[in-house]
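Undergrad: Shown below is the structure under consideration.
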């Protein structure tokens, strides 16, 4: 079955060009032309990848990206935009975009990034446990739901992503630098306590005694690992 791509692009000519080229590469492309429609389609249908323009009518691409991540929809997002400043890229990545391509771009580069994101997503899904439980804590990856003793736990989108990354790498210790790179998509590693703050928040919500954590364990000088 071909990969299904949602293309959210208001430039009709560019949308037609991209759709035709992607279809020639055997992708199933669904083009829409405004942010509200893009958000609705992305949140109600299953897609393998979203190509999302920054500047859109009705709702911006940044708003769409942010809203999808707040809904805990993890479909890979490749932002397409004429805005090339580093600060703009950082904003998009912090809001949950997986990659960023500045217009004008070569079609070969777009195809390479599409392939890379789809490959990464496929490998992540293949290696992920959809159902995981340790003691009172249960994670249902298909429904993006975490429960504690049967009661739903309200995690922020980044907390949920962080927890899932630790689950995917439960066989080893994960460094703070790796988490900043893979969960926060930092291209350079700043001096920040972001990881520690989010780990602390997860412990408050998941651990019986956050001061003596058993689920998310600190490995001094190395990082964190799942203790279960």
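The values are calculated or read from the model by the stated rules, or taken from the named source; none is laboratory data. Bear in mind that the values here come from a model prediction, so they are computed numbers and not experimental data. Positions of Cβ are generated from backbone atoms using ideal geometry, with glycine treated the same way; all protein chains shown enter the neighbour counts.
Undergrad: Within the stretch 119-132, can one find any residue that is in the same structural domain as residue 21 (by TED's automatic domain parsing) and modelled with pLDDT of 85 or more?
TA: The answer is no; no qualifying residue exists.
Undergrad: Among the residues of the stretch 150-205, which ones are in contact with a helix residue (DSSP H, G or I) (Cβ under 6 Å, 6 or more places away or on another chain) and not in a helix (DSSP H, G or I)?
TA: Residues satisfying the conditions are 153, 183, 185, 186, 189.
Undergrad: Does residue 6 satisfy being under 17 Å from the mean Cα position of the chain (by Cα), under 29 Å from residue 154 (Cα atoms) and outside any strand (DSSP E or B)?
TA: Judged against the criteria, residue 6 is not a match.
Undergrad: Quick one: count up the residues across the stretch 91-114 that are surrounded by 14 or more Cβ atoms within 10 Å (Cβ to Cβ), in a helix (DSSP H, G or I) and modelled with pLDDT of 85 or more.
TA: Residues meeting the conditions: 4.
Undergrad: A follow-up question, please. Picking from 67, 48, which residue would you name as being within 23 Å of residue 106 (Cα to Cα) and under 14 Å from the mean Cα position of the chain (by Cα)?
TA: Exactly one residue qualifies, and that residue is 48.
Undergrad: Moving to a separate point now. Within the stretch 180-201, can you find the residues that are within 16 Å of residue 220 (Cα to Cα) and at pLDDT below 90?
TA: 193, the sole residue that qualifies.
Undergrad: Give me the residue from the stretch 71-90 that is assigned to a loop (DSSP other than H, G, I, E, B) and within 30 Å of residue 140 (Cβ to Cβ) and, out of that set, modelled with the lowest pLDDT.
TA: So the residue we want is 72.
Undergrad: How many residues does the stretch 138-149 contain that are over 18 Å from the mean Cα position of the chain (by Cα) and assigned to a strand (DSSP E or B)?
TA: Number satisfying all stated conditions: 3.
Undergrad: Quick one: in the stretch 18-36, which of the residues that are touching a residue at least 24 places away in the same chain (Cβ under 8 Å) and assigned to a helix (DSSP H, G or I) is surrounded by the fewest Cβ atoms within 10 Å (Cβ to Cβ)?
TA: Per the stated criteria, the residue is 21.
Undergrad: Continuing with this model, one more query. Could you list, ordered by first residue, the pairs with Cβ atoms under 6 Å in which the first is in the stretch 90-104 and in contact (Cβ under 8 Å) with a residue 60 or more places away in the chain and the second is crowded, with 16+ Cβ neighbours inside 10 Å and not in a loop (DSSP other than H, G, I, E, B), at least 6 apart or interchain?
TA: Once the first residue is in contact (Cβ under 8 Å) with a residue 60 or more places away in the chain and sits in the stretch 90-104, its partners that are crowded, with 16+ Cβ neighbours inside 10 Å and not in a loop (DSSP other than H, G, I, E, B) give 96/65; 96/69; 97/65; 97/77; 97/79; 98/77; 98/117.
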